[in-house]
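The structure appears right after this line, and notes come after that.
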Amino acid sequence: MNLLDVESLVAGHGLLTAVRHVSFGVAEGAALAVVGANGAGKTTLFRTISGVHRAQSGRVLLAGDDVSALSAPKRVAAGIAMVPEGRRLFGDMSVRENLQVAGEHGRAGPWNLGRVVEALPALAPIMDRPAGVLSGGQRQAVAIGRALMCNPSVLLLDEVSLGLSPIAGEGVYRSLSQLRDAGTTMVLVEQDLDRALAFADRIVCMLEGRIVLEGESGAVTRADVTAAYFGLDATSEEPA
Ligand code: ATP
């Protein structure tokens, strides 16, 4: 059985339908990458799975249980945690306080302050610094740690390396690799195709709200994904 199932999800903004009958499943411990051009519907999809945005139709199942009717906080309590794009943190609060506050809203489970710092060692030297003064890579590590403090069974990560230097981005992905090795189930939006293909077990590509390509990372080529990304025939040339 999959840990997360998304069934024919439809969501939009006013008259605009941004997510059109999207379905996929994620096995426990697996990492799925969602790629697609700007405006393809990835953020709306994630916000709908996490319950921040209301679905027009379709279902979200967590370990077989339909969580579609639950509010966002109740979905966090059920085990779905999202690391949003832009990594909103409480800037005046220390890293430790940011993590502790998150821990008050999640489930009981193995993740606590000590384990999070062990899994994300970059946090250790900055625990007492205000989140507002941190670098982009450090803030992202705090945002991931904050989601872990909710003891999620599924972690949704929206463009976690966006805007980071290559070195900071690598640091974030090193942390994610450690989490994956520890058995964390992840769904991530990643603009960098090479990174998505290298990290995830499976990949789905969205175009104009629909999934246009889905496969094992080892079974799809970069050219396949690029063609799907731009809505081209896979046999045509890659755009420059
Ligand atoms: P990006 O990588 O730019 O974040 P995305 O794939 O995450 O893109 P979404 O942000 O989900 O895509 O946007 C999907 C569509 O919904 C786009 O046409 C976008 O303009 C529209 N949209 C997104 N948020 C809103 C909003 N709050 N109000 C109105 N339209 C929106």
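No value in this document is a laboratory result; all are computed from the given coordinates. Since the structure is predicted, the reported quantities are computational estimates derived from the model, not experimental observations. Glycine gets a Cβ as well: all are built from the backbone with ideal geometry, and neighbour counts include every protein chain shown.
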Task: Cβ-placed point charges (K, R +1; D, E -1), dipole of region 139-230 about Cα centre in debye, nearest 20 - done: 280
TODO: Determine the shape class of region 46-101: with a ≥ b ≥ c the square roots of the Cα gyration tensor eigenvalues, call it rounded for a/c under 1.5, and otherwise prolate if a/b is greater than b/c, oblate otherwise.
DONE: prolate
- [ ] Quick one: angle between helix 166-181 and the longest Cα principal axis of the chain, in degrees between 0 and 90, rounded to 10, please.
- [x] 90
Open item on the list: What Kirkwood Rh does the chain have if only Cα atoms enter the pairwise 1/r average? Answer in Å.
Closed with: 18.1
Task: Cα-Cα separations in region 1-96 greater than 24 Å, expressed as whole percent - done: 23
Task: For the chain, size of Cβ-based charge dipole, Lys and Arg +1, Asp and Glu -1, in debye - done: 780
Open item on the list: With the cut-off at 1.5 for a/c, could you classify region 149-207 from its C-alpha gyration tensor as rounded, prolate or oblate?
Closed with: oblate
- [ ] Mind checking which of Gly137, Val160, Gln191 is farthest towards the positive end of region 128-191's charge dipole, using Cβ charges of +1 (Lys, Arg) and -1 (Asp, Glu) about the Cα centre?
- [x] Gly137
Open item on the list: Along each principal axis of its Cα atoms, how long is region 138-237 end to end? Whole angstroms, biggest number first, please.
Closed with: 44, 29, 24
